[in-house]
């Protein structure tokens, strides 16, 4: 069963590959400039160049990711660095220099929030520290990006406001619900949130950061320009299309499993919330299926996606998918096979894509409680010997969870 779980995940990555998805979605007209940013940017750009031929471009990738022989700026992720500043500034200058007749193709995928970083009113060091605090707080990606947009000169539609050109955006969605204004913090898309909402998010999670608060308070008082709003006439120059999403990943795995003769049900492509709460929901569903054959009769595979959050209190290491699996192990009454992984190949700071649960893990008799208290899901699965290594996959279509209920 373990090889089948892994094969389903790898097949999904292949079928929902960014090169393939981008080729299907590219506009007919050849652009004057291509901008590409995010974890899927290299493959998206390669598809565009294969379609259009030689076009001026600017490519920004996370450090450590293959550029496929293309010129690229390699910047920090998930925390921005000096190269993030350089990349965003170069893109801003390129856009400012275009005429109203120019056509820009922007290829945007998850990770762009850190890779294009132009702080507004705060230092890069403060922006990095605040981003790290938000990531550890358990805040949703929408909440995190609301704050980031209002402390940036590139996010929240500000890059569209910076140019007179027409902009076509193709997106690989790594957010539940596929909101284009949330993907990479929406550099070209409208943002209905406000400085006041951003400030309230800092309050909600007890984050001080006086430098950031001063900027947000100035925005609340009307002393700073807001992000691009949905009624702005600049949006007449914007068109966009979601080229790939989490559901594509889940459907590819579902079709693979069906071809192998198995029943497979997609529960949702937009599960969010705390990873431990999400694991408990999945565990309760599994036990209901086992006990009553409701809402599905076993045996079958259950698929789900979306993006969970982890509230980090301990000093251990892990990621949201590892935390999900560890909590699933803690809640289940009997063993099962399960796989959870991040489609980009890196589950948080763990250095691995995810892990597997198998009946053999239960035979080890490991106590999950100390690992959960320390947020050390990586340590647990290192001991279990079921870590999943893929390396960076060159895409980012959010989380992938697969459970087999016998």
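Things to note:
- Flag for residue 239 being out of contact with any helix residue (DSSP H, G or I) (no Cβ under 9 Å at 6 or more places or on another chain), outside the structural domain of residue 301 (by TED's automatic domain parsing) and closer than 21 Å to residue 155 by Cβ: yes
- Residue selection: residue 354 fails the criterion of being within 30 Å of residue 68 (Cα to Cα) and touching a residue at least 60 places away in the same chain (Cβ under 8 Å).
- Filtered residues of the stretch 133-186 (kept if crowded, with 24+ Cβ neighbours inside 10 Å, touching a strand residue (DSSP E or B) at 6+ places or on another chain (Cβ under 6 Å) and at positive phi): 184
- Wholly enclosed helices (runs of 4 or more DSSP H) of the stretch 299-406 bearing at least 1 residues under 18 Å from the mean Cα position of the chain (by Cα): 320-331
- For the stretch 150-177, filtering for residues that are within 16 Å of the chain's Cα centre (by Cα) and either at pLDDT below 95 or not in a loop (DSSP other than H, G, I, E, B) (or both) leaves 7.
- Across the stretch 114-127, a minimum of one residue is classified as outside the structural domain of residue 348 (by TED's automatic domain parsing), within 27 Å of residue 223 (Cα to Cα) and free of Cβ contacts under 8 Å to residues at least 24 places away in the same chain.
- For residue 24, the conditions (1) assigned to a helix (DSSP H, G or I); (2) in contact with a helix residue (DSSP H, G or I) (Cβ under 8 Å, 6 or more places away or on another chain); (3) surrounded by fewer than 16 Cβ atoms within 10 Å (Cβ to Cβ) all hold with the exception of (2).
- Test: residue in the stretch 257-269 that is under 24 Å from residue 142 (Cα atoms) and outside any strand (DSSP E or B): no
- Of residues in the stretch 227-248 being within 30 Å of residue 4 (Cα to Cα) and in contact with a strand residue (DSSP E or B) (Cβ under 6 Å, 6 or more places away or on another chain), the one surrounded by the most Cβ atoms within 10 Å (Cβ to Cβ): 246
- Index of the failed condition, residue 340 passing every other in (1) at negative phi; (2) surrounded by fewer than 20 Cβ atoms within 10 Å (Cβ to Cβ): (2)
The values are calculated or read from the model by the stated rules, or taken from the named source; none is laboratory data. As the structure is a computational prediction, the values presented were derived from the model and not from experiment. Backbone-built Cβ (ideal geometry, glycine too); neighbour counts: all protein chains shown.
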